[in-house]
Amino acid sequence: MTLRVTVMTIFPQMIEQYLTSSLLARARERELLTVDVVDLRAYTDDPRRSIDDAPYGGGPGMLMMPEPVLRVLAEEPRIVQPVIGLSPIGSTFSQADAEELSTLEGFTLICGRYEGFDARIEQRCDRLLSIGDFVLAGGELAALVVVEATARLLAGVLGNEESPREESFASDRLLEYPQYTRPRVIDGREVPQVLLSGDHAEIARWRHSQRLVRTLELRPDLIQARGGISAEEVELLH
Ligand code: ADE
C-alpha cells in the first residue's frame, strides 16, 4: 500500500529538495510513499501573489490569509484526509502519532508562514500538530519531520523490518540501548564484554537494563509516563 501525502506550502522547493534525501527517495522509488507538493501561491488572485495580510485588531507581523488554503482544500483533487495544520499551538508530535499516521491511506499537511494562520484555516483542519515548544519561521521543517518520522515506519522503507520496533519511544516507551560496532577498542574504550559473549538471552537482559538506566538518567519523565518500573525490571537493575 502507498501512503499518499500532500503538502501545502509557499516554499515547494524546500519540500522537494528534501525528498531527494535517501530514505524518502527510496520510499518513493518503491512506491511506498507519494508526496504531492501544492504551491499555495498558485492559488491567489493577487497580482503580487502575496498570501499574507495584517491581523484585524492590530498587532505585529502578518498572517497567512485564508483564501488560498481554503481554495486548495475545495478544488485540489490531491487533497487527502485528514487535513493537518502545522503550528506551535498544535499537540506535540510523538512517535505514537507517527505510528498512527503510518497506518492511514494518507494525509495533507498545511505549512504556515509569517506570524501564524488566520483562525479559519485552523478551524478547517482536522488536527493541529507542533513539533515542539519553539517557534519556527514556518511549517516546512515541521512537515518534513512528520513525513520522515512516518515514512520510515512503512513496511519496506528501512532495509531491516525489525528496526523500527526496538528503538527509542517504541511501545514500551524506553530509550534505545547503547550500540557498538567495530573496532572492539577505541581510545581505550571497549565494547561491553556481554555483547561478545554470544549469549543471546544475556544480551537481551543487558540491553533492557541499559534502556532502563539510560531512560532513568536522561528522560525520567518517560519512566513516569509509563507508570514506573516493574518488579522484574528492578531485578534487572541489580
Ligand atoms: N510552525 C512554526 N513553529 C512550529 C512548530 N513548533 N511546530 C509546527 N509548526 C510550526
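Some notes on this structure:
- Scope segment 20-59; condition in a helix (DSSP H, G or I), without any contact (Cβ under 8 Å) to a residue 24 or more places away in the chain and among the hydrophobic types (A, V, I, L, M, F, W, C); matching residues: Ala25, Ala42
- Cβ separations smaller than 6 Å between residues 6+ apart or across chains give the following pairs from segment 163-186 residues that are farther than 17 Å from Gln210 by Cα to residues that are among the β-branched types (Val, Ile, Thr) and modelled with pLDDT of 85 or more: Arg184/Val191.
- Filter result for the condition that a residue is in the same structural domain as Leu32 (by TED's automatic domain parsing) and part of a strand (DSSP E or B), over Ile89, Ile79: Ile89
- For the residues Gly85, Gly90, Gly132, Gly57, the requirement of being more than 12 Å from the ligand (Cβ to nearest atom) and either of a type in the set (A, V, I, L, M, F, W, C) or modelled with pLDDT of 95 or more (or both) singles out Gly57.
- Residues of segment 97-113 that turn out to be over 10 Å from the mean Cα position of the chain (by Cα) and surrounded by fewer than 17 Cβ atoms within 10 Å (Cβ to Cβ), as a count: 4
- As a summary of the residue check, Cys125 satisfies the conditions (1) at pLDDT 95 or above; (2) in contact with a Leu (Cβ under 8 Å, 6 or more places away or on another chain); (3) surrounded by 15 or more Cβ atoms within 10 Å (Cβ to Cβ); (4) under 25 Å from Ala149 (Cβ atoms) except for the one numbered (2).
- Just so you know, in segment 96-116 the residues that are modelled with pLDDT of 95 or more and assigned to a strand (DSSP E or B) include one that is nearest to the ligand (Cβ to nearest atom), and it is Cys111.
The values are calculated or read from the model by the stated rules, or taken from the named source; none is laboratory data. All of these numbers come straight from a predicted model, not from anything done at the bench. For neighbour counting, all protein chains shown are included, and Cβ atoms are generated from backbone atoms with ideal geometry for every residue, glycine included.
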